[in-house]
Amino acid sequence: MLTLDAETRGELWRRLAEAIERYAAEVGEARVAPELDFEEIRRALAPFDFERPVPPFEALDFAVGGLWKWQVHTPHPRYFGLFNPAPATMGIAADALVAAFNPQLAAWSHSPLAAEVEQHLIRALAGRFGFDPARAEGTFTSGGAEANHTALSTAVTRAFPEVGRRGMMALRSQPVLYVSPQAHHSFLKAARLAGLGTEAVREVRVDSRLRMIPEDLADRIREDREAGLAPFMVVATVGSTSAGVVDPVADLARVADEEGGLWLHVDAAWGGAAALVPELRPLLEGTARASSITFDAHKWLSVPMGAGMYITRHPGILERTFRVAAGYMPRDGAALPVADPYAHSMQWSRRFIGLKVFLSLAVAGWAGYEESIRRQVALGNRLRERLREEGWVLVNDTPLPVVCFVDSGPDGRSAAFLERVAAAVVASGEAWLSTAVLGEVGPALRACITNHRTAPEDVDALVAALGRARAAAV
Ligand SMILES: *Cc1c(COP(=O)(O)O)cnc(C)c1O
């Protein structure tokens with residue numbers, strides 16, 4: 001029963017391909033978000049008691065129907081949400097192939113093509129970020145959170161080499177790292193899991209555009225040192241999750257250097273794609289001086305989840321952070337100038353993450369991505385213009401297509417009002433957007449162009465839906 005007969009397989013693949021094609025072609029006609037009814041979902045699942053096997057086509061139909069009905073359709077051109085893309089066609093094909101061939105990316109010698117494809121991509125992207133591709137090292141991760149956790153672990157390894165063996169308890173002073181209040185929350189999780197504790201994550205003040213203030217960073221580092229703490233890492237964000245803020249990386253790199261060579265990590269999970277567009281590349285100024293970078297291909301490179309990357313210009317640091325000896329691991333590659341993926345990452349057995357990036361990039365080329373990202377940036381500008389015309393007030397300042405705004409009316413900045421507006425748009429099924437709290441700027445509506453299939457009409461439809469929601473919410 002685990003391998004179906006040839007005839008059934010043929011029919012299954014045909015139906016599967018049809019379901020995938022229909023979703024890609026018709027998702028734009030669906031409601032963007034479903035109504036949330038967990039009881040209905042549980043009722044639908046109840047008959048699956050696994051006592052009575054279900055015929056394969058029936059099982060497939062259940063999954064296809066359920067996915068159509070019960071998910072926020074992030075591939076929908078009117079999904080203006082978090083950084084979840086419509087997956088690139090070649091990425092979908094890649095993930096199906098990977099499931100079928102099931103390469104094992106723990107040991108290099110088990111999957112040499114897969115391991116080399118991933119390293120080829122790491123070098124190619126490292127070059128785009130201004131690193132020397134010949135010296136850069138990196139690993140694919142489940143996503144940005146794991147990449148950020150990897151960054152924290154490598155920074156700890158470099159600053160406190162004894163921790164790997166003897167643990168944090170071996171240290172005389174508490175290690176601390178610096179982030180902006182707009183940084184991704186995965187650093188809090190990473191600090192907790194690494195045994196540093198969340199209080200080790202120090203927030204640096206930001207300016208009126210929510211960018212980290214380099215002078216405040218320097219002051220905080222000195223104060224903490226005087227208080228007996230051990231600063232070891234600074235995190236700059238290029239394209240923050242809420243508001244697309246780009247920290248002044250070059251200035252932060254200078255502070256990190258002056259303060260004794262702290263590890264500078266650039267979290268460019270989404271915004272890093274700006275490196276592919278010449279006129280946006282200045283946003284990444286200073287990134288080439290970073291010790292490490294997080295980049296998520298499952299965001300602006302539009303590949304299916306999850307496809308994160310950690311890239312560093314410190315050769316050997318991954319090995320020192322992650323290698324442990326395991327007698328059962330194959331050693332066929334030991335004499336070759338290659339790295340076993342398991343010795344460079346948190347994961348052990350893992351899937352071939354890089355193929356969906358490789359095939360998408362091979363077919364679109366840098367030029368295809370450049371054009372797609374440029375178009376999305378232009379749509380972000382269109383959205384800003386249309387919102388202004390309709391009396392909304394923009395409250396974030398970024399060239400990236402994430403737009404935060406409030407209403408100009410008396411109640412226009414109240415969280416309750418903004419949440420009512422967002423909820424009404426979502427409930428209409430016509431579009432999806434969210435709210436975010438931007439530090440001292442306060443709550444705002446947040447709409448992000450993150451989908452290569454979004455068109456000008458979709459932006460206009462969002463603005464129209466917002467207008468109706470606002471009228472109903474006052
Ligand atoms: C999305 C995001 C992350 C987390 O990445 P995942 O892929 O969701 O794990 C980290 N940092 C930033 C800036 C992000 O936008």
Exercise. Being farther than 23 Å from THR89 by Cβ and touching a strand residue (DSSP E or B) at 6+ places or on another chain (Cβ under 7 Å) is the filter here, so list the residues in the range 19-72 that pass it.
Key: ALA33
Practice problem: Name the one entry in ARG42, ARG14, ARG31, ARG9 that is surrounded by 12 or more Cβ atoms within 10 Å (Cβ to Cβ) and not in a loop (DSSP other than H, G, I, E, B). | Solution: ARG9
Quiz item: Given the residues GLU199, GLU118, GLU146, which is the only one that is touching a Phe, Trp or Tyr at 6+ places or on another chain (Cβ under 6 Å) and either closer than 21 Å to LEU283 by Cβ or assigned to a helix (DSSP H, G or I) (or both)?
Solution: GLU118
Self-check item: Yes/no for ARG470 being charged (D, E, K, R), in contact with an Asp or Glu (Cβ under 9 Å, 6 or more places away or on another chain), crowded, with 19+ Cβ neighbours inside 10 Å and in a helix (DSSP H, G or I)
Solution: yes
Practice problem: Can you tell me which residue within the range 261-277, out of those that are in contact (Cβ under 8 Å) with a residue 24 or more places away in the chain and away from the ligand (no atom under 16 Å from the Cβ), is nearest to GLU137 (Cα to Cα)? | Solution: TRP263
Quiz item: Out of (1) within 12 Å of the ligand (Cβ to nearest atom); (2) in contact with a Lys or Arg (Cβ under 8 Å, 6 or more places away or on another chain), what's the single condition that is false for THR294?
Solution: (2)
Practice problem: Give ALA325, ALA256, ALA250 a once-over and let me know the one that is part of a loop (DSSP other than H, G, I, E, B), out of contact with any Cys (no Cβ under 6 Å at 6 or more places or on another chain) and without any contact (Cβ under 8 Å) to a residue 40 or more places away in the chain. | Solution: ALA325
Practice problem: Could you grab me the full set of residues in the range 217-241 that are surrounded by fewer than 23 Cβ atoms within 10 Å (Cβ to Cβ) and part of a loop (DSSP other than H, G, I, E, B)? | Solution: ALA227, GLY228, LEU229
Quiz item: Counting only residues that are modelled with pLDDT under 95 and of a type in the set (Ser, Thr, Tyr), how many does the range 299-336 have?
Solution: 1
Quiz prompt | Residues located in the range 236-260, provided they are in contact with a helix residue (DSSP H, G or I) (Cβ under 6 Å, 6 or more places away or on another chain), of a type in the set (Val, Ile, Thr) and within 15 Å of the ligand (Cβ to nearest atom) | solution = VAL238, VAL246, VAL249
Quiz item: Residues in the range 196-214: is at least one within 15 Å of the ligand (Cβ to nearest atom), within 23 Å of PHE295 (Cβ to Cβ) and either of a type in the set (Lys, Arg) or out of contact with any Ser or Thr (no Cβ under 8 Å at 6 or more places or on another chain) (or both)?
Solution: yes
Practice problem: Return yes or no: is SER173 in a helix (DSSP H, G or I), on the phi < 0 side of the Ramachandran plot, polar (S, T, N, Q) and surrounded by fewer than 18 Cβ atoms within 10 Å (Cβ to Cβ)? | Solution: no
Quiz item: Just one of the numbered conditions (1) within 16 Å of the ligand (Cβ to nearest atom); (2) part of a helix (DSSP H, G or I); (3) closer than 24 Å to PRO248 by Cα is not true of LYS189; which one?
Solution: (3)
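The values are calculated or read from the model by the stated rules, or taken from the named source; none is laboratory data. Model, not experiment: these values are computed from the prediction. Cβ atoms come from the backbone with ideal geometry, glycine included; neighbour counts cover every protein chain shown.
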